[in-house]
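So the structure is just underneath, and the comments pick up after that.
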Amino acid sequence: MTKHGSQLWNEGERKLVDGMLDQIIPASADGRVPSAGSLGVADFLAHRIGADPGLKELFQRGLSRAMTLVDTTGKEFDALDADGRYQIVKQLEQREPAFFEALLRHSYMGYYSKASVRPHFGLSERPTQPDGYDVPHPKIPTKWQPWLNP
């Protein structure tokens, strides 16, 4: 992992990360819901990794393993067919479970934090906090009113 300009990864590493993100969160079959790689979730990951030395070390180790697995194919990750890309990610999950779990968790966090993604799942583009989603006011039983309004 090398710091390249404002990027955490060099060009080859970034292509690999984007490709793995597309395996984890692919685009919908009709193309209306974008994949994680196409949305730039790698930038979210880079920000998280840059702020956490332990996570950076974990990602360095995991990406190194991923690049080794890809090298054994004799092709670039994005030149592999769908099954070949799936097999690389599956092997990575088995051989580097801590890395894979962190990649998965942070990928979902980055993907679903994108305002453009939320409407595809019936949510507003507004942020979830502090003034985000409309939540109906609960009907509070009268017997609880004294505790809530002292």
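Worth a mention:
- For the pair Val33 and Arg105, a Förster radius of 22 Å applied to the C-beta separation gives a FRET efficiency near 0.65, rounded to the nearest 0.05.
- Under 5 Å, built H, 5+ apart or other chain: amide partners of Asn10: Thr2
- Cα gyration tensor shape of region 11-118, rounded if a/c is under 1.5, else prolate or oblate by comparing a/b with b/c: oblate
Where a number appears in this text, it was derived from the coordinates with a stated rule and is not lab data. Note that the structure is a prediction, hence the values are computed from the model and not measured. Cβ atoms come from the backbone with ideal geometry, glycine included; neighbour counts cover every protein chain shown.
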